[in-house]
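Everything below concerns the one structure shown next.
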Amino acid sequence: VSTLVAAGVPGLPQGVRDSYDQEDTEGFEVGFKSSLAGGALRWDAAVFDTEVSNGFTFVFVAPFTAQTTRNIKSADVSGVETSLSWLATDHLEIDVGLGFLDSEITASDWIGAGGINIVGKEMPQNPESTSNLGLVYRGELGGERDWYARLDYRQLGEVFWEPENFVARDPLSLVDLRFGITAARGWEVVAWIDNATDENWISEESNPNGIVYYGKPRQYRVEMTYRF
């Protein structure tokens, strides 16, 4: 980096160096796991707080086509997570999960793009919330064969891509479907549909003028497994 700076190469963001420091975290978590209704209901929950030192953030430097790593001096990340799994009937299982995250950059030794002070901004790549709902129904086909159908619904909350909090991805929802047949003889056939609603979404972005990684579009596949 020092050689590029001396050569007058433009576009080098502040905080980019020849090397980066190790990321360290220190935190606590308090939670519980429970089994209720004779084991038909499981409920877990936890709250946590984490102090991050030298957190990693990535930036794409266009003049020499490189994705670089730099450190955020310190940040605080806290949140709560809970999950519930209920065997509602002999055939139907319901899984629910919720998570909420609050993050804040508390110190920085460099100024962001456009002269923006990143202290007080949200940590990049940390969605404010996540939620999921899973429904599984199981039935019998006879002849030692069973079938099941599963629906998974996920919602990802708003997330910023860079420490300056320039660009945020809006909350989005994704749906996956699965249908399978199993047999006592050890084989299983499963048909999948991922991103069933064919959402066009971004899974990651290095910075507003950098590299964008798109999430997978609707995909179909069939898998056969034999265990012996």
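The values are calculated or read from the model by the stated rules, or taken from the named source; none is laboratory data. Model, not experiment: these values are computed from the prediction. Because the Cβ atoms are built from the backbone with ideal geometry, glycine has one as well, and the counts that use them run over all protein chains shown. Heavy atoms of the whole protein, side chains included, go into the accessibility calculation; ligands, DNA and RNA do not. Shrake-Rupley method; radii C 1.70, N 1.55, O 1.52, S 1.80 Å.
Things worth noting here:
- The distance from the alpha carbon centre of segment 36-58 to that of segment 175-191 is 30 Å, rounded to a whole number.
- Using only side-chain charges placed at the Cβ, +1 for Lys and Arg and -1 for Asp and Glu, the dipole size of segment 20-153 relative to its Cα centre rounds to 340 debye.
- Cα gyration tensor shape for segment 169-228, rounded if a/c is under 1.5, else prolate or oblate: prolate
- Ellipticity at 222 nm from helices only: DSSP H runs of n ≥ 4 in the chain, each -39500 (n - 2.57), divided by the residue count, give -500 deg cm²/dmol.
- In this Cβ point-charge picture (+1 for Lys and Arg, -1 for Asp and Glu), the chain has a dipole of about 780 debye about its Cα centre.
- Highest to lowest packing among 147-158, 180-191, 26-37, scored as the average C-beta count within 10 Å: 147-158, 180-191, 26-37
- Accessible surface of segment 67-193 [probe 1.4 Å, protein heavy atoms]: carbon and sulfur percent: 55
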